[in-house]
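I have placed the structure first, in the form of structure tokens, so that the comments after it can refer back to it.
The values are calculated or read from the model by the stated rules, or taken from the named source; none is laboratory data. Source: prediction; values computed, not measured. Methodologically, a virtual Cβ is constructed for each residue, glycine included, from the backbone with ideal geometry; neighbour enumeration extends over all protein chains shown.
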Amino acid sequence: MNDNELLRETLAVTHGERGQAPAPGVEDVVVPLHLSSTYSIPDIDPDADLELLDPDAGEYLYSRLSNPTRNALEHRLAALEGAEHALAFVSGTAAIAATMMATVQPGDHVVAFEDLYGGTKTMLNRLLGEKLGVEVSFVDATDVSNVEEAMSEDTTLIWMETPTNPLMHLCDIEAIASVADEWNVTFGVDNTFLSPYFQNPLSLGADVVVHSTTKFLNGHSDSIGGAVVTDSDDLMDELAFLQRVGMGSMLSPFDSYMTLRGIKTLPLRMRQHEENAMEIARFLESHDAVTRVLYPGLESHPQHELAARQQSGFGGVLSFELDTDLDGTAEFLGNLREFPLAVSLGGVESLIEHPATMTHSPLSLTERERLGISNSLLRLSVGVEHVDDLLSDLDAALSVV
Ligand SMILES: Cc1ncc(COP(=O)(O)O)c(C=O)c1O
């Protein structure tokens, strides 16, 4: 059977890992961790393009340019998104920066979701806006007409996340892809929150997808990494130049190995994250001390129908608001046992985060209030523990609110 015919549960475990014999006669079942920074070559080649070495053709010269462990991971990431190409970066942030560098020039215009990951928003404002003279329009992309209205002759990139953090807003990928096509601009989607297991933006018309592999893809909170995935050969060439030469921000062999290992259980983990998150969302929705629950899997979510249409699952992240103030919220957090207070998400362990004082503290109070990030809003990254233990812990802590 050809790998194109395999399902994601199989691709996640085996793709990219076969045929990587480290020594004659040795057939590893698991891809080896290739730590060598340099490789001896048989002879000189005056025609070699050192920026675009093809590892599949055995072209190895120096590990920043190509590395067998990273190459195996890149193959698996592309396969999971159903894409032609993938590149692994040193962080999600580096993957996003490279994609922006590949698609935007000084004087260009970008249309972006106003409700993006804080670091991406800062990158757009400071790196693109202040340093490169790029104009950025942040819009409420839950309504596609706002994206349409913000487009101009100078627009070269539309940048979206769906669902967003921490408000769990969605945008309609297919509808925005039509706008991008009409204006002939690149459409990028950060797919970190759902992973390729629950959403494939390229199949809905996006041109390029990025991931913070730090989150669900690696899934064990022990590696920082990022990925860019695309079907476009031209974009791939430019991104490979940036990854290897322009920025030198490729993923290390060790983190590539860790992420390959983590991805093997992505489908299993995602299904359990979702099952647990759904039960917790329903429990919180029925609790008197909770004023609202934001989870696209709930029928009460204003974009539940869109989530059901463009995603194949609702994911493991949800937010909720307590019927109390900052002090009451702090007391609730102090009473939890199974939810460490920590940023990041997507690991097997559950985490809780307080956006107003943690991830979104760089935003002004006015901006937080405008977006709906109150002092009693909390975000859960629901892990794969037994859900009864998670529910009891939340129930006990809620009794103090
Ligand atoms: C949606 C999203 N995109 C990108 C990033 C940045 O990823 P990294 O921390 O791997 O650089 C994050 C990090 O929290 C994120 O939540």
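Among the residues examined, Gln311 qualifies as within 16 Å of the ligand (Cβ to nearest atom) and within 25 Å of Thr214 (Cα to Cα).
For region 103-139, filtered to residues that are within 20 Å of the chain's Cα centre (by Cα) and in a loop (DSSP other than H, G, I, E, B), the residue that is farthest from Thr357 (Cα to Cα) is Glu114.
Evaluated against (1) touching a residue at least 12 places away in the same chain (Cβ under 8 Å); (2) surrounded by fewer than 22 Cβ atoms within 10 Å (Cβ to Cβ); (3) within 27 Å of Lys121 (Cα to Cα); (4) more than 16 Å from the ligand (Cβ to nearest atom), Ser350 falls short on exactly one condition, (2).
Of the residues in region 76-95, how many are within 15 Å of the ligand (Cβ to nearest atom) and of a type outside the set (Ser, Thr, Tyr)?
Of all residues in region 76-95, those within 15 Å of the ligand (Cβ to nearest atom) come to 77, 87-95.
If we keep only those that are of a type outside the set (Ser, Thr, Tyr) too, we end up with 77, 87-90, 92, 94-95.
The qualifying residues number 8.
Reported count of residues in region 159-188, each being assigned to a loop (DSSP other than H, G, I, E, B), aliphatic (A, V, I, L, M) and within 23 Å of Glu135 (Cα to Cα), is 1.
Each residue in region 123-138 was checked for being away from the ligand (no atom under 11 Å from the Cβ) and either touching a residue at least 24 places away in the same chain (Cβ under 8 Å) or among the hydroxyl-bearing types (Ser, Thr, Tyr) (or both), and 10 pass.
Evaluate region 291-299: report whether one residue or more is in contact with a strand residue (DSSP E or B) (Cβ under 9 Å, 6 or more places away or on another chain) and aromatic (Phe, Trp, Tyr). Before the answer, list the steps.
Going residue by residue through region 291-299, those that are in contact with a strand residue (DSSP E or B) (Cβ under 9 Å, 6 or more places away or on another chain) are 291-298.
This time we only want the ones that are aromatic (Phe, Trp, Tyr), so: 295.
There is at least one residue in region 291-299 that is in contact with a strand residue (DSSP E or B) (Cβ under 9 Å, 6 or more places away or on another chain) and aromatic (Phe, Trp, Tyr).
I'd like to check something: does region 160-177 contain any residue that is within 16 Å of the ligand (Cβ to nearest atom) and farther than 27 Å from Met358 by Cα?
The initial filter retains those residues of region 160-177 that are within 16 Å of the ligand (Cβ to nearest atom), namely 160-171, 173.
From what's left, farther than 27 Å from Met358 by Cα: 173.
Among the residues of region 160-177, at least one is within 16 Å of the ligand (Cβ to nearest atom) and farther than 27 Å from Met358 by Cα, which makes the answer yes.
Of all the residues in region 268-290, those that are more than 21 Å from Leu377 (Cα to Cα) and among the basic types (Lys, Arg) number 2.
When Pro68 is tested against (1) over 30 Å from Ala342 (Cα atoms); (2) within 16 Å of the ligand (Cβ to nearest atom); (3) not hydrophobic (A, V, I, L, M, F, W, C), just one condition goes unmet, and that condition is (2). Farther than 18 Å from Pro163 by Cβ and not in a loop (DSSP other than H, G, I, E, B): is that true of Gly248 in this structure? Here the answer is no, as Gly248 does not meet what is asked.
With Ser286, Ser256 as the choices, which residue is small (Gly, Ala, Ser), without any contact (Cβ under 8 Å) to a residue 12 or more places away in the chain and either under 18 Å from Leu394 (Cα atoms) or buried (at least 21 other Cβ atoms within 10 Å of the Cβ) (or both)?
Numbers: Ser256 fails: without any contact (Cβ under 8 Å) to a residue 12 or more places away in the chain.
On inspection, the qualifying residue turns out to be Ser286.
In region 292-331, the residue that is surrounded by the fewest Cβ atoms within 10 Å (Cβ to Cβ) out of those that are free of Cβ contacts under 8 Å to residues at least 40 places away in the same chain and either of a type in the set (Val, Ile, Thr) or in a strand (DSSP E or B) (or both) is Arg292. For region 204-222, indicate whether the set of residues that are within 15 Å of the ligand (Cβ to nearest atom), over 9 Å from the mean Cα position of the chain (by Cα) and at positive phi is non-empty. For region 204-222, residues within 15 Å of the ligand (Cβ to nearest atom), over 9 Å from the mean Cα position of the chain (by Cα) and at positive phi: present.
Could you tell me how many of the residues in region 96-119 are under 20 Å from Phe193 (Cα atoms) and either away from the ligand (no atom under 16 Å from the Cβ) or modelled with pLDDT of 95 or more (or both)?
7
Of all the criteria given as (1) within 16 Å of the ligand (Cβ to nearest atom); (2) within 30 Å of Ser137 (Cα to Cα); (3) buried (at least 24 other Cβ atoms within 10 Å of the Cβ), the one not satisfied by Leu73 is (2). Scanning region 28-40 for residues that are assigned to a loop (DSSP other than H, G, I, E, B) and surrounded by fewer than 12 Cβ atoms within 10 Å (Cβ to Cβ) returns Val29, Ser37, Ser40.
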